[in-house]
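Below is one structure, written out as structure tokens; the observations come after it.
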Amino acid sequence: MTGEVDPSRRGFLKAVVGLSAVAAVGGLGKGVVQNLITPSVGLTSFPETLLYWNDPSLPSSAPVPLKASQFEAESPSVWIYYYPLSDEPNFIIRFKESVPPTKVTIDATGVSYPFTGGVGPGNSIVSYSAICQHLGCIPPVIHYYPPSQESTLPSNVVSVLKTYNQTKPTHGVVHCNCHGSTYDPFRGAGIITHPTQSPLPFVTLKYDPLTDNLYAKKLTGPVVFGHPSDLTGGNAISNLGKTTVTKLAAS
Ligand code: FES
């Protein structure tokens with residue numbers, strides 16, 4: 001040991017001293033420093049979380065449990081909820097048909113995993129991470145296009161879908177307008193067009209036929225983009241037992 005300070009460490013020490021000086025200024029910088037150094041609090045396991053919404057058929061604006069049978073199939077609106085972290089948005093999509101289980105492949109690794117299919121009335125409801133697996137764009141830049149809107153997609157995607165539909169007819173796609181990645185939400189959000197190399201992770205939903213309620217239970221597939229794991233890299237949603245599905249305008 002020479003007692004010399006490595007230049008990179010010296011830079012770090014300077015930064016610490018600088019932050020301390022900010023904190024000392026009458027407490028003014030305290031919140032700033034805390035925000036910089038307070039680690040986010042993730043989770044150690046997936047909670048079971050009931051989905052709420054502002055029922056469009058009710059005059060009240062207070063969220064109530066989302067009733068699966070009332071959720072619109074192939075909605076042109078963008079429906080999302082946060083789970084299990086407050087920076088992890090997820091789509092919820094209902095199809096007009098039963099969504100079968102399938103195998104999904106991660107192009108980046110060649111690894112496949114089982115997608116468990118739809119739940120709820122007619123097994124028609126699915127849910128996926130709404131963070132694009134390419135570089136992390138979020139809704140409404142990435143969103144579901146029902147079949148009635150597929151013609152509004154970029155021409156190169158429309159042309160790919162013409163070929164795709166000859167073997168695996170689409171029931172609408174999730175498309176990201178940042179760089180053009182397209183996913184097949186009827187088949188586990190597998191990749192239709194790149195540059196993404198990974199499908200969207202799916203959320204396992206539980207359906208209670210007695211109450212018509214839906215619960216989010218866990219995420220499966222590739223890790224949510226930008227997170228060390230699906231349970232870390234952000235703060236848990238404020239109420240682990242309840243999350244609200246909200247509608248965004250498509251862009
Ligand atoms: S971030 Fe979605 S395609 Fe690049």
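FYI, it's all coordinate maths here, none of it is from the lab. In this text, all values refer to a predicted model and were calculated from it rather than measured experimentally. Counting neighbours? That spans all protein chains shown, and the Cβs are built from the backbone with ideal geometry, glycine included.
What the table shows:
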quantity: Cα shape, region 53-101, gyration tensor, a/c 1.5 rule; calculated: oblate
quantity: Region 68-95-region 181-251 distance, computed between alpha-carbon centres (Å); calculated: 9 Å
quantity: Angstrom value of the Kirkwood radius, inverse mean 1/r, which spans all Cα pairs in region 100-251; calculated: 16.2 Å
quantity: Too-long pairs where the Cα-Cα distance tops 19 Å, listed order kept, from K206/K247; K96/K168; K168/K218; K67/K96; K103/K247; calculated: K206/K247; K168/K218; K103/K247
quantity: Which of V78, V160 has the fewest Cβ neighbours within 10 Å, and the rest in rising order; calculated: V160, V78
quantity: Measure of compaction for region 129-201 (Cα Rg per 2.2 N^0.38 Å); calculated: 0.97
quantity: Of the trypsin sites (Lys or Arg not before Pro) in region 92-147, those whose Cβ has at most 14 other Cβ within 10 Å and which sit in DSSP loop; calculated: K96
quantity: Neighbour-count ranking [beta-carbon atoms within 10 angstrom, fewest first] of H227, H175; calculated: H227, H175
quantity: Distance in nm between pseudo-label sites at A249 and S151 (7 Å out along the Cβ direction from Cα); calculated: 2.4 nm
quantity: Residues K162, K242, sorted so that the one with the fewest Cβ neighbours within 10 Å comes first; calculated: K162, K242
quantity: Mean separation of Cα contacts under 8 Å, 6 or more apart, over the residue count of region 49-248: relative contact order %; calculated: 29 percent
